[in-house]
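Let me begin by presenting the structure, written as C-alpha cells, before commenting on it.
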Number of protein chains: 2
Amino acid sequence: MGKVLTVDTMNANVKKVEYAVRGPIVQRAVQIEKELKEGVKKPFNEVIKANIGDAHAMGQQPITFFRQVLALCSYPELLDDNKFPEDAKNRARRILKACGGSSIGTIDCVRQDVSRYIEHRDGGIACDPDNIYLTTGASDGIVTILKLLTTGEGRTRTGVMISIPQYPLYSAALAELGAVQINYYLNEEKCWSLDIDELQRSLEAAREHCRPRVLCIINPGNPTGQVQSRQCIEDVIRFAAKEHLFLMADEVYQDNVYAEGCAFHSFKKVLFEMGPKFSSTVELASFHSTSKCYMGECGFRGGYMEVINMDPEVKAQLTKLVSVRLCPPVPGQALMALVTNPPQPGEPSYAQFIAEKTATLNNLAQKAKMTEEILNTVPGIRCNPVQGAMYSFPRITLPERAIKDAKAKGQVPDMFYCMKLLEETGICLVPGSGFGQKEGTFHFRMTILPPTDKLQTMLRKLKEFHQQFTQQYS
Amino acid sequence: MGKVLTVDTMNANVKKVEYAVRGPIVQRAVQIEKELKEGVKKPFNEVIKANIGDAHAMGQQPITFFRQVLALCSYPELLDDNKFPEDAKNRARRILKACGGSSIGTIDCVRQDVSRYIEHRDGGIACDPDNIYLTTGASDGIVTILKLLTTGEGRTRTGVMISIPQYPLYSAALAELGAVQINYYLNEEKCWSLDIDELQRSLEAAREHCRPRVLCIINPGNPTGQVQSRQCIEDVIRFAAKEHLFLMADEVYQDNVYAEGCAFHSFKKVLFEMGPKFSSTVELASFHSTSKCYMGECGFRGGYMEVINMDPEVKAQLTKLVSVRLCPPVPGQALMALVTNPPQPGEPSYAQFIAEKTATLNNLAQKAKMTEEILNTVPGIRCNPVQGAMYSFPRITLPERAIKDAKAKGQVPDMFYCMKLLEETGICLVPGSGFGQKEGTFHFRMTILPPTDKLQTMLRKLKEFHQQFTQQYS
Ligand SMILES: Cc1ncc(COP(=O)(O)O)c(C=O)c1O
Ligand SMILES: Cc1ncc(COP(=O)(O)O)c(C=O)c1O
C-alpha cells in the first residue's frame, strides 16, 4: 500500500502556493556557499545576498536600547547591573510587571503603547486599543484578515485585488486559502504609481468570474520601492468606498522613506481627514511590523494590526480565532512596545537612540540613491527612483537569443539571467517573475541592504555582467 | 450599504471554531479581577487561575541557564561580563554565529541539536536533521500538518481522529480547515487509557461519511493527565498501519511524568523498535515545544516537529509552505537549542541546571499527587491519578436540579457549575464541555500549577464549594 500523504493526495491549495523569494536561486546560492567553503574554485570569493529584506543578516546593527531592554526582560537579575541605563530598566520593569499579571497571553501595555504611537504618528487622530491586535509579524495579521474574508464558491468566491508586482506572501496566502487573486498593475512609467483607471479595469474584469471584496495596498512598496502620494491614497479610499471593498494597507515600511518630496501618509490618517462620510464607513485593516524600518528585527516576529470600522461581531470572531494559536511571541510583543514607546527627550538613552536610528535611515537613503544612480548608467537597465522601502526593481532588456535559450531550458528569462549572474559573480537576486510583471517585461529585485562599499562593488559587478551578457547573446 | 465583512459574509469555517480555554469563564475572571482592584467587595481577595497551562504565570521560575543565554544573545555586549558562566557564553556565541550566516531564517545548528536530543532520548535510534522542522510553538506544527492532510469534498473529505476529551486546538484547527472531526473516547474507568476497540468503532462509524486519514494522539494527555503504556503505543501503531492512517503524536509533555510505574515512550522509538515492517512504512509526525515540561516558556513560541516516512515531494511542499510565513521566532529557536543541548556534566552550569530542573519536576509531581488525593476525598468528585502533564480532569456529580437550572439559563451544566465556583470562590477552572466528554457526564479541568500552598487552599475551597453546591441543589 502506498503512502497516506502524497503530492497527489495532499491539499491541492498548498501545491498552488509559489514563493520565489526563497526559490531555486536561493537554494543554489546556499549550495555555492558550501562549495566555496569546501575550496571549489569560483570566479568570486563570496556570495552577496541581495535577495531578502533581512537587514541584520546584511550587517545593519540592532538598536542598542531595544536589545538592552530585551536582555533585561530575559534575565531580570541584570536589573541590579549598573551597566544598564535607567530608562531601559524602567521599560523592562513595566513589561515584566505586565507579563506577570497577564493570563491572556498578550501583554496589555503593548496595545496601549501601540495606540499612542498611532495617535502621535497620525497627528492626534484617536486610536482605540481595542482595535489593535498583536500579531506574529505582519505576515500573520495579513493572512488572518484574508482568512476572515474568504468565502463562497465558484463565481461567488472572494476576490482579492493585489498590486503587480507584489510581495509574494499575498499570492501565496490567496492560493492557500483558495481565494481569487485579482491583479492590478502598477504604472512603471510613472514610478510604479497606482492608477485608479487600472483599479477600475481590473475590478470589472474580475467581476465576471468572482466576487471582489478586498483591495490590498503596499505602501511604501515591496518590491517596487515607490511611496504613494496623499492624493493617490485619497483616490484609493474613494474607490474602495464606491466599490464596497475592504481595504488592507500594508505599511511595514512606514519609516523607510528617502526621496525628496515624498512622505509617508497612513491610510488611517487620510481616511479620517476625509471626514465622517468615509471615516465612519470604510473598513480598513493596516499592518505594521518590527522587521523593517530602522529596527530590522525580522527574527523577533513582532507585529500589530489596527482594524477600523470592523463589525463588532466579526471582531469577536477574530479575537477567538487568534487565541486558539495562543499569543504572539512575547519578546516580539516587548519589542513592539519599545518601537512604539522609544526613549523620550530627557531620558538617558534618548541621544544614542536618535543617533542610531538616524544613522541607519540615512545610510539606507544614501544606498537607495546610489543604487538608482549606478543602475541607470547601465545600457539595458532602467531603474525607477527608490523612494522608499528597501528594494529596487529595475527593468532589464534581454536579447532575443537569451530569451530563446532560456525557453529552451524551460526557464523564465529573468530566472535564466539571475541564475547566470549568481554562477558568474556570486550575486544573489530574485527574478522579477517571482513578484509578477507585465507580460514581455523582465526585472529583478535587489535589496539596498548590503553595506555601502559591498553594495557599490556589487553594482559595478552587475554592470559588467549585464554588458557581457548582452554582448554574448546579441 | 452595509459592511463588507459581517458575521453573515465571513468565512463560515472560522465561525465554527470553538475555544473554551479562553471562553466566557476566563472573560468573567478578568472582569472580577478588575472589580477587586476597584474595591468591589467579594467573598474572596483574589482570583486563582487554574485554567491555563502557563507555568510561569503561576509562579514557576524559569531555568536560569536558559535565560542567561537568551540575554547574552539579545545583547552580546554582555559576553564581556564576568557575571555569566562560560558555558552560557559558549552557547550564545554558537547561536549568534549560526544566526549571522543564515539567510534561510532558521538557525541551522538548532535542527542538529534537536536531532541529537531525539537520538539520545530514544536510546540511539537515528534522527535525520532533514526530518526536523522548527515551528512557532507546537500549535503551529500541528496546524501545518493537518493543513497538508486536508482534501476532498463531502464523503471524500479528510477525517481526523482525535481523543475525547481533547485539547481544543485540535477541534478548532479542524473546524477552520473544514476537515471532519472523528471522536474516539478515552476510557475514564481505566485511567483515561486508549482502547483499540474504541478506535475501531469510531473509525468504522466515520467511514460512512468521510475518508479517515489521520489519527492524533496526545501523550501525556491534556486535559486528562494519563501516560500511555508502551504496549498501548505499539497497539496504536499497529492499528494505524492496518488502517492506513497518518499518525500525529503530540508529545509536548514528554518530561511531565510523575506516577510510579509510568514512563514516557516516544512514538518514534516504539515505531523503530517494532522493526522495519513498521518503521519503514508508518507515516508519523511528532511534536514538541518549549512551553511545557520543566521549561514552561510559553511566551517564546518555540517548537519542532519530526516527520518520519514522509514522501519527499510532500516534504518539499512543506518546506515551501513554511517559508512563506518566514522563520519561527529566533528567541524560541535559540531556546529550543538550549532545551535540546543543556549544560553537560563538567560544565559550570550543570549542577544548578539539574537542581532547578529536578526541583520543578518534583514540585509538579507532588502537586499532581496532592490534587488527586484531596479531590478524591470529596463526595461527588472522582479524580483519576494525574500520571503526567499538568492537569486533573475529575468527574463531578451534579444534582438533577442544578442540571435543570443550568438548562433553564441556557448553560451547559458544568459551565453553570464553574461560573458559580468563580463567583463564589474566585477559582477559575475550565468546564469539561470545553474539551468534550461522554454525554451525560460532567467534568472540569484544573491545572496543578498554582504554588503548593495556594493549590492546597484552592482544593479545600473547592471541596467546600462542591459540598454546599450539592446541598443547595438537592
Ligand atoms: C510588504 C511586506 N509586508 C509584510 C512583510 C512581512 O513582514 P513580517 O516580518 O512582519 O512578517 C514583508 C516582509 O518582507 C513585506 O515586505
Ligand atoms: C497537548 C498540547 N499540545 C500542544 C500545545 C500547544 O503548545 P505550544 O505552546 O507549543 O503551541 C499544548 C498547549 O497547551 C498542549 O497542551
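Which percent of Cα-Cα pairs in segment B:1-157 sits in each 10 Å bin, short to long?
Calculated P(r), rounded to whole percents: 7, 18, 24, 24, 20, 7, 0.
Please list A:289-299, B:277-287, A:451-461, B:34-44 highest first by mean number of surrounding beta-carbon atoms within 10 Å per residue.
A:289-299, B:277-287, A:451-461, B:34-44
For A:P168, what charge total do you get from the other residues with a beta carbon under 14 Å from its beta carbon, if Lys and Arg give +1 and Asp and Glu give -1? Don't jump to the answer; show the numbers that get you there.
Working: positive: A:K16, A:R22, A:R445, B:K320, B:R325; negative: A:E18, A:E176, A:D250.
With Lys, Arg at +1 and Asp, Glu at -1, the net is +2.
Given R₀ = 56 Å, FRET efficiency for A:S474-B:S280 by Cβ-Cβ distance, to 0.05?
0.50
Sort shortest first the distances from B:V7 to its counterpart in every other copy, using label points 7 Å along the Cα-to-beta-carbon line, and give them in nm.
Spelled out, the distances from B:V7's label point are 4.4 nm.
So how much slack lies between B:T156 and B:Q27, counting 0.36 nm per residue of separation and subtracting their Cα-Cα distance, in nm?
My answer for the length gained is 42.6 nm.
Please list the equivalent ellipsoid semi-axes of segment B:77-224, computed as the square roots of five times the alpha-carbon gyration tensor eigenvalues, in descending order and whole angstrom.
Working from the Cα gyration tensor, I get semi-axes of 40, 19, 14 Å.
What net charge do the residues around B:Q27 carry, taking every other residue with its C-beta under 12 Å from that of B:Q27, with Lys and Arg at +1 and Asp and Glu at -1?
+3
Can you give the helix-only mean residue ellipticity at 222 nm for chain A, where every DSSP H stretch with n ≥ 4 adds -39500 (n - 2.57) and the sum goes over all residues, rounded to the nearest 500 deg cm²/dmol?
About -14000 deg cm²/dmol.
Compute the label zone of B:R238 within segment A:1-23: residues whose backbone N is under 20 Å from the point 7 Å along Cα-to-Cβ.
What the label zone holds, given the 20 Å backbone N cut-off, is A:1.
Hey, can you grab everything whose amide H is under 5 Å from the amide H of B:T136? Only 5+ residues off in sequence or another chain; H modelled, so Pro and N-termini drop out.
Excluding prolines and chain starts, which carry no amide H, the hits are B:G141.
Among the complete DSSP H segments of chain B, which ones combine at least 27 Å of alpha-carbon extent along their axis with a mean Kyte-Doolittle hydropathy of 1.6 or more?
Result, helices passing both filters: zero.
Let a ≥ b ≥ c be the square roots of the eigenvalues of the Cα gyration tensor of segment A:148-201; is it rounded (a/c under 1.5), or, if not, prolate (a/b larger than b/c) or oblate?
Verdict is oblate for segment A:148-201.
Mind checking the full-extension length gain between B:A351 and B:E77? Use 0.36 nm per residue of separation minus the Cα-Cα distance, one decimal, nm.
96.0 nm
Averaged across the residues of A:14-20, what count of C-beta atoms belonging to other chains lies within 10 Å of each residue's C-beta?
4
Taking amide H positions as placed in the peptide plane 1.01 Å from N, state which residues far from B:I48 in sequence (5 or more) or on other chains have amide H under 5 Å from it.
Excluding prolines and chain starts, which carry no amide H, the hits are B:I427, B:C428.
Taking B:R155 in one copy and the same position in all the others, each labelled 7 Å out along Cα→Cβ, what are the pairwise distances from the first, in nm, shortest first?
Copy-to-copy label distances at B:R155, shortest first: 3.0 nm.
Work out the length of the dipole vector of segment B:104-340 about its Cα centre, built from +1 on the beta-carbon of each Lys and Arg and -1 on the beta-carbon of each Asp and Glu, and round it to the nearest 20 debye.
Working: 22 positive and 29 negative charges, 98 e Å.
Dipole size: approximately 480 debye.
Taking only Cα atoms of chain B, what ratio of Rg to Rh do you get with Rh as the Kirkwood inverse-distance radius?
0.97
For a label point 7 angstrom out from the Cα of B:K97 toward its Cβ, which stretches of segment A:34-66 have the backbone nitrogen within less than 17 Å?
Under 17 Å, as judged by backbone N against the label point of B:K97, lie A:34, A:37-38 of segment A:34-66.
Dividing the convex hull volume of the Cα atoms of segment A:104-340 by its residue count, what figure in Å³ per residue is obtained?
In segment A:104-340, the Cα convex hull volume per residue is 120 Å³.
State, to one decimal in nm, how far the label point of A:A263 lies from the label point of A:D195, with both points 7 Å from Cα in the Cβ direction.
It works out to 2.8 nm between the two label points.
In sequence order, what are the phi-derived ³J(HN,Hα) couplings for segment B:286-300 according to the Karplus relation 6.51 cos²θ - 1.76 cosθ + 1.60 with θ = phi - 60°, rounded to whole Hz, with x for glycine and proline?
Working through the residues one at a time gives 10, 10, 9, 8, 8, 7, 10, 6, 8, 7, x, 8, 4, x, 8 Hz.
Using only alpha-carbon positions, what ratio does the radius of gyration of the protein assembly as shown give when scaled by 2.2 N^0.38 Å?
Dividing the Cα radius of gyration by 2.2 N^0.38 Å gives 0.95.
Find every distance from the label point of B:T441 to the corresponding label point in the other copies (7 Å from Cα along Cα→Cβ) and write them in nm, one decimal, shortest first.
6.5
Per-residue Cβ counts within 10 Å, from other chains only, averaged over A:173-180: what number is that?
So the per-residue partner count for this stretch is 1.
Tell me which lysines have Cα within less than 23 Å of B:K277's Cα, excluding those fewer than 8 residues away on the same chain?
Partners within reach: A:K3, B:K242, B:K268, B:K269, B:K315.
Calculate, for A:E204 and B:A12, the FRET efficiency according to 1/(1 + (r/R0)^6) with r their C-beta to C-beta distance and R0 22 Å; round to the nearest 0.05.
0.20
What does the charge add up to near B:S115, with Lys and Arg as +1, Asp and Glu as -1, over the other residues with Cβ less than 12 Å from its Cβ?
Working: positive: B:R111, B:R116, B:R121, B:K268; negative: B:D108, B:D113, B:E119, B:D122, B:D128, B:D130, B:E306.
Neighbour charge sum, excluding B:S115 itself: -3.
Each residue of segment A:3-12 in order: what ³J(HN,Hα) in whole Hz does its phi give by Karplus 6.51 cos²θ - 1.76 cosθ + 1.60, θ = phi - 60°, with x for Gly and Pro?
6, 5, 10, 10, 4, 7, 10, 8, 3, 5
What is the mean number of Cβ atoms from other protein chains located within 10 Å of the Cβ atom of each residue in peptide B:76-84, rounded to a whole number?
For peptide B:76-84, the averaged partner shielding equals 3.
For A:S193, which sequence-distant residues (separation of 5 or more, or a different chain) have an amide H within less than 5 Å of its own amide H, given hydrogens modelled in the peptide plane?
It is A:N187, by chain and number.
Which value, to two decimals, describes the C-alpha radius of gyration of segment A:164-276 once divided by 2.2 N^0.38 Å?
1.05
Greater than 25 Å separation of Cα atoms is the criterion. Which listed pairs, A:K292/A:K369; B:K49/B:K463; A:K369/A:K404, meet it?
A:K369/A:K404
Every read-out reported here was derived from the displayed coordinates using simple, explicitly stated rules and does not represent laboratory data. Only a predicted model underlies this, so the values are computations on that prediction, with no experimental measurement involved. Every residue, glycine as well, gets a Cβ built from its backbone with ideal geometry; the counts of neighbours run over all protein chains shown.
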